[in-house]
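Each remark here refers to the structure printed beneath this line.
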Amino acid sequence: MTLRVALADDQALVRAGLRALLEREDIQVAFEADSGEALLEALGTTTVDVVLTDIRMPGLDGLEALRRLRARGDATPVLLLTTFDEPDLLLQAADAGAQGFLLKDAAPDDLRDAIARLADGETLLQPVATDPVRARYRFHDDREPLDTFNPREVAILRLLAGGYSNREIARSLFLAEGTVKNYVSVILDKLGTRDRTRAVLKAITLRVI
């Protein structure tokens, strides 16, 4: 089935380039928007599988558009694109409810894979440097994790931080996918969260990884 995406960027040339790239990958661009306001308006009447939007746009930017989209109850997966390699942006994207975050210099295959994974219900966040995250981000509850982590759990946490799915983690560590799923459940319990993204961020701030 052909995937349908919404494409938002304030630069017409960027939109044209992304449209051409996506269409070569058999992904249909349902509509284009040049601002966060236009994106939200179009999403009110058009259903897509994934929203692909720049973070930095004049007026209503991609992050604020995402926040408003979630506030009105729209759970359409959102993939944020940026030229800025800043840990703060990834953290803000996660807090706003983004399922994906990629730099604009990502390879075409990575973009195609990211869209497909988001449409399939997965989350994709590029790996982030741990020291800047620790320095700039603090949880309201910085208690120690509920338990210690063994080397296998730490390895899985690091792969989760890279945005890998359970299936990909299983292949990497030569485990059954069900085994990885059980490990992830244990990790989330130890960190006191049910969200994979926040589990990774908390693991970083607590120096588990």
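Nothing in this text is a laboratory measurement; each read-out follows from the coordinates by a stated rule. Being a predicted model, the structure only gives us computed values, none of them experimental. Heads up, the Cβs are rebuilt from the backbone with ideal geometry, glycines too, and the neighbour counts pull from every protein chain shown.
Remarks
- Between helix 177-191 and the chain there is an angle of about 80 degrees, using the helix long axis and the longest principal axis of the Cα atoms.
- Choice from Ala119, Ala94, Ala38 with maximal GNM fluctuation in the chain (Cα, 10 Å cutoff): Ala38
- Overall form of segment 156-209 per C-alpha gyration tensor (a/c, 1.5; a/b vs b/c): prolate
- Fewest-first ranking of Phe31, Phe149, using other Cβ atoms within 10 Å as the exposure measure: Phe31, Phe149
- Folded to 0 to 90 degrees: helix 62-71 orientation relative to the chain principal axis, Cα: 80
- The angle between the Cα long axis of helix 196-205 and the main principal axis of the chain comes to about 60°, on a 0 to 90 degree scale.
- Convex hull volume per residue for the chain, taking Cα atoms only, in Å³: 126
- Separation of the Leu60 and Glu23 label points, Cα + 7 Å toward Cβ, nm: 2.7
- Cα-based shape type of segment 1-125, given that a ≥ b ≥ c are square roots of the gyration tensor eigenvalues and the cut on a/c is 1.5: rounded
- Modelled spin labels at Asp110 and Thr2, positioned 7 Å past Cα toward Cβ, are 2.8 nm from each other.
- Sites Arg68 and Ala176 - FRET efficiency at Förster radius 45 Å, r taken between beta-carbons, to 0.05: 0.65
- Proximal lysines to Lys181, defined as alpha-carbon separation beneath 16 angstrom and excluding residues fewer than eight positions away on the same chain: Lys190
- Counting other Cβ atoms within 10 Å as a rough exposure proxy, the listed residues Met57, Met1 run Met1, Met57 from fewest neighbours to most.
- FRET E, pair Val186, Leu103, Förster distance 30 Å, beta-carbon r, rounded to 0.05: 0.40
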